[in-house]
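For reference, the structure discussed in these notes is given below.
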Amino acid sequence: MPPIELPLPDPRPDDVQWPPLRWRPPNDVVLLGRAVELRPVDPSLDAAELFDALDHDAVWRHVRDRPGDPHELAETMRSRIAADMLPWVVRLRSSYRDLAAGSIVGTSSYLDVAVSDARLEIGWTAYTPAAWGTVVNPDTKLTLLRYAFDDLGAGRVQLKTDIRNARSQRAIAGIGAQYEGVLRRLQRRADDTIRDTVLFSIIAEEWPNVRAVLEARVQRDDEIN
């Protein structure tokens, strides 16, 4: 890796004051994408169907804390909500390939929320393998990014993934997020090794262009699939 010349220049020398994040969203909020509908997870109502959607070895290859049953998944979701995370359940708005309209196809979350700094992370994302490589992930990410920037007033949204998860790295880069670097030896994996984590972000100044590109991609992917 080539040496970095220090000190680094300030990329926003004329920065302006930014208000805090408008947090927390109401429990009954519904986010509509082109192909997906997102609602805050209700652990009591959603855990069984979400567990069935995610109960595949491939889903958990790079994700910790695989639940053993719907009850365990519900408790995980409750603990995340108590920690001020916001897990969303992802449903299809219409039938798609072999997946029925209204079916749960995955989950994604807002986490690491910093209200004063107007930033949050999108993570803990997992989909049933039948939805991989379809419009589901880009549409989900577009819907969550749109709500974060346009409704909550985020100045920064970050995304992270295991350095061994090449598919996730490509997916994050594919939505227009900027690679920021590698956080070395950051988090424990399920097998008790310590992973390096690849960090990406989108900031408010980039959002209009990212939104336009992602909207075009979602429309194209939806028509193809």
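The values are calculated or read from the model by the stated rules, or taken from the named source; none is laboratory data. Computed from a prediction, not measured in an experiment: that's the story for all the values here. We place every Cβ from the backbone using ideal geometry, glycine too, and count neighbours over all the protein chains shown. Surface areas here come from the heavy atoms of the whole protein model, side chains and all, with no ligands, DNA or RNA. Shrake-Rupley method; radii C 1.70, N 1.55, O 1.52, S 1.80 Å.
A few points about this structure:
- Counting DSSP beta bridges with both ends in the chain, the antiparallel % (nearest 5): 90
- Under the criterion of Cα pairs below 8 Å and six or more residues apart, the relative contact order for the chain equals 19 percent.
- Heavy-atom accessible area ranking, 1.4 Å probe, most first, across Trp23, Trp207: Trp23, Trp207
- With each label modelled as a point 7 angstrom along the Cα→C-beta vector, the Arg39-Asp98 pair spans 2.7 nm.
- For q = 0.13, 0.16, 0.17 Å⁻¹, Debye-computed log10 I/I(0) when each Cα of the stretch 1-80 counts as one equal scatterer: -0.71, -0.80, -0.84
- Protein accessible area in the stretch 81-225, 1.4 Å probe - carbon and sulfur %: 46
- Zone of Leu32's modelled label, taken as backbone nitrogen in the stretch 188-225 under 17 Å from a point 7 Å along Cα→Cβ: 219
- Approximating the spin labels as points 7 Å out from Cα along Cα→Cβ, the Ala82-to-Asp65 distance works out to 1.1 nm.
- Computed from the C-beta positions of Asp57 and Leu8, the FRET efficiency with R₀ = 35 Å rounds to 0.25.
- Against the main long axis of the alpha-carbon atoms of the chain, helix 136-146 sits at an angle near 50°.
- Alpha carbon centroid spacing (whole Å) that separates the stretch 96-128 from the stretch 151-218: 13
- Per residue convex hull volume, Cα atoms of the chain, in Å³: 138
- Most mobile listed residue (Ala212, Ala118, Ala131) in the chain, GNM with C-alpha springs under 10 Å: Ala212
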